[in-house]
Amino acid sequence: MTDVCVFRATAAGVAAAVAAREAGARVTLVEPTPHIGGMVSGGLSWTDVGDTRVLGGFARRFYDAATYFPEPHVAEQILTGMLDGIDIVTELPDAAVYVDASYEGDLLAQRNVPFAVGRESRELYGERWAGRQPAYRPSKHNFDVLLSPFRDDGTLLPHVLDDPEERLGEGDGGLMAFGFRVCLTDRDPIPFEEPDGYDPAEFELLDRYRAARPDAPLLGLVHDLLPNGKCDVNSIGPFSLNLLDGSNRGYLDDPEGVRARHLSYTQRFLYHLSPEGWGLCADEFVDSGGWPHQLYVREARRLLGEHVLTEHDLLQARPQDDVVAMGSYNIDVREVERTWRMLPEYTPTPAVFNEGYLSVPVPPYPIPYRSLTPRREDATDLLVPVCVSASHVAFSSIRMEPTYMLLGTAAGAAAAQAARSGVAVQDVDVHALQESLREQGQVLSL
């Protein structure tokens, strides 16, 4: 029997385990894979932070040690070093309090705690930015030239969904695109090899775009973006490592199948592009041939807890008496699907678009403890710092790794208090929790 069990060693999970240990709890960290750090060590090195003033405590310690943009293996070394004295196991033990720090919310689902998946309608929470978006909204992630979605024989090109109706504001359960954040180098790179199943016809739309926009950047490769000549490849432009075929909607039912599909796409896509002088890093992800061990799951389940954060809480920075962390990054909904629309003003012309992208600035805003706790009737011994209780729109801001670390710290400290006092997580002394967080350097107001 342990006091606090943290499920999954994401960066939030590491933060929760460290916070609980520092609060005097006996802590067990469950991680069934050989790796520590989730996306922080899985390819997401160039980290979106927002307002750096909200970073404190564990998050500040990590990023000070990592100089903000660490190589993946360095990030894993730092996070692993922070776990000295904490037992790491592969299966769930008995515990007084559990912290679900997974990207998927697997533990909360196993406990039959209610959750939401995908984007809701505008009407559900009265959110302006909820639901389906205009496919043709101009952005750096959309096509800026008119390209037909059809082959010469009239069939749709690969990776284009036949979903031409806008239905603006409708909730359709769509998820932000998944992808692999690969780490590439131009110093002694491992060249890309032709993968199984490669067919250049799969990328006819990409070739059309390159012909129309020969100077358009596709991978966003930057020399020395990271130390030692490496670059974290993000999803830049209308064609990227994001797979927009809608297959991620099946992730919770078939995670390994969806992960394999995304990895195979990434390998075929990079081989097709074969950026001159660039390749995989010999010293990154050495146990998986240079390919990241973590799929970038931007969203999955979201707790339906004591308080559901919405865009109103963020845009108005509504005060929260039980604040335990602060968020600050834009409402950042990444593309959901690649589809097409008929543009009547072009007499009429079918054109391909990426639908779903949205970026809306927000001020620094408080995140309440109630968004980490289930409703009392659903569970009294569980805290959820990653798949927090938030609408799809609000979650798109919270979902940044530095914010996850802040919430993991709060969850770990709260779990230790609940275990020590023998109370439900909903009955934690929030004022005492806030004081302990401030002592650790957590920022609760600006």
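The values are calculated or read from the model by the stated rules, or taken from the named source; none is laboratory data. Source: prediction; values computed, not measured. When we count neighbours, we look across all protein chains shown, and the Cβ atoms used for this are built from the backbone with ideal geometry, even at glycine. Heavy atoms of the whole protein, side chains included, go into the accessibility calculation; ligands, DNA and RNA do not. Shrake-Rupley method; radii C 1.70, N 1.55, O 1.52, S 1.80 Å.
Points worth noting:
- Gain on full stretching of the segment that runs from Asn330 to Asp153 - 0.36 nm per residue minus C-alpha separation: 59.5 nm
- Other residues whose C-beta falls under 14 angstrom from the C-beta of Gln133 contribute a net charge of -3, scoring Lys and Arg +1 and Asp and Glu -1.
- Binning the alpha carbon pair distances of the range 290-446 at 10 angstrom intervals from zero yields the distribution 10, 35, 28, 15, 7, 4, 1, 0, expressed in whole percent.
- In order along the range 245-262, the Karplus-derived 3J(HN,Hα) couplings, from 6.51 cos²θ - 1.76 cosθ + 1.60 at θ = phi - 60°, round to 8, x, 5, 5, 5, x, 5, 5, 8, 9, x, 5, x, 5, 4, 4, 4, 5 Hz, and Gly and Pro are given as x.
- Expressed in Å, the radius of gyration and Dmax of the Cα atoms of the range 1-63 are 13.0, 40.
- The alpha carbon convex hull volume per residue for the range 221-356 rounds to 214 Å³.
- In the chain, helical runs assigned H by DSSP with n ≥ 4 each contribute -39500 (n - 2.57); averaged across all residues and rounded to the nearest 500, the mean residue ellipticity at 222 nm is -7500 deg cm²/dmol.
- Each Lys and Arg adds +1 at its Cβ and each Asp and Glu adds -1 at its Cβ; summed about the Cα centre, the chain shows a dipole of about 920 debye.
- As a rough guide to protection, the peptides 434-446, 162-174 ranked by mean Cβ packing within 10 Å, highest first, stand as 434-446, 162-174.
- Distance between the modelled labels on Leu304 and Ser121, one decimal in nanometres: 1.5 nm (7 Å Cα→Cβ projection).
- If R0 is 22 Å, the Cβ-Cβ spacing of Asp429 and Thr80 corresponds to a FRET efficiency of close to 0.10.
- Of the beta bridges in the chain, as assigned by DSSP with both residues counted there, near 65 percent are antiparallel.
- Placing unit charges on each Cβ (+1 for Lys and Arg, -1 for Asp and Glu) gives the range 390-446 a dipole about its Cα centre, and among Ala424, Leu444, Leu407 the Cα reaching farthest toward its positive end belongs to Leu407.
- Of the chymotrypsin sites (Phe, Trp or Tyr not before Pro) found in the range 57-129, those that fall in a DSSP loop while having at most 16 other beta-carbon atoms within 10 Å are Tyr68.
- Cβ charges +1 (Lys, Arg) and -1 (Asp, Glu), total dipole of the range 247-383, debye: 300
- Other residues within the sphere of radius under 13 Å centred on the Cβ of Leu315, judged by their own Cβ, net out at -1 (K and R +1, D and E -1).
- C-alpha long axis of helix 57-66 to longest principal axis of the chain, angle in °: 50
- When the range 1-145 is described by a simple charge dipole with +1 on each Lys and Arg Cβ and -1 on each Asp and Glu Cβ, the residue from Val27, Gln77, Leu107 located farthest towards its positive end is Leu107.
- For the range 346-422, applying the loop criterion from DSSP together with a ceiling of 12 other beta carbons within 10 Å to the chymotrypsin sites (Phe, Trp or Tyr not before Pro) yields no site.
- In a DSSP loop and with at most 13 other Cβ atoms within 10 Å, the GluC sites (Glu not before Pro) in the range 76-118 are Glu91.
- Measuring nothing but protein heavy atoms, the accessible surface of the chain at 1.4 Å probe radius is 49 percent carbon and sulfur.
- Using 0.36 nm per residue and subtracting the Cα-Cα separation, the extra length available between Arg376 and Ser264 on full extension is 36.1 nm.
- Contour minus Cα-Cα distance for Glu256 and Arg213 (0.36 nm per residue): 11.9 nm
- Seen from a random direction on average, the alpha-carbon convex hull of the range 177-223 projects onto 4.9 square nanometres.
- Each Cα pair under 8 Å and six or more residues apart adds its separation to the average, and for the chain the resulting relative contact order is 26 percent.
- Net charge dipole size for the range 142-221 [Lys, Arg +1 and Asp, Glu -1 on Cβ; Debye, nearest 20]: 380
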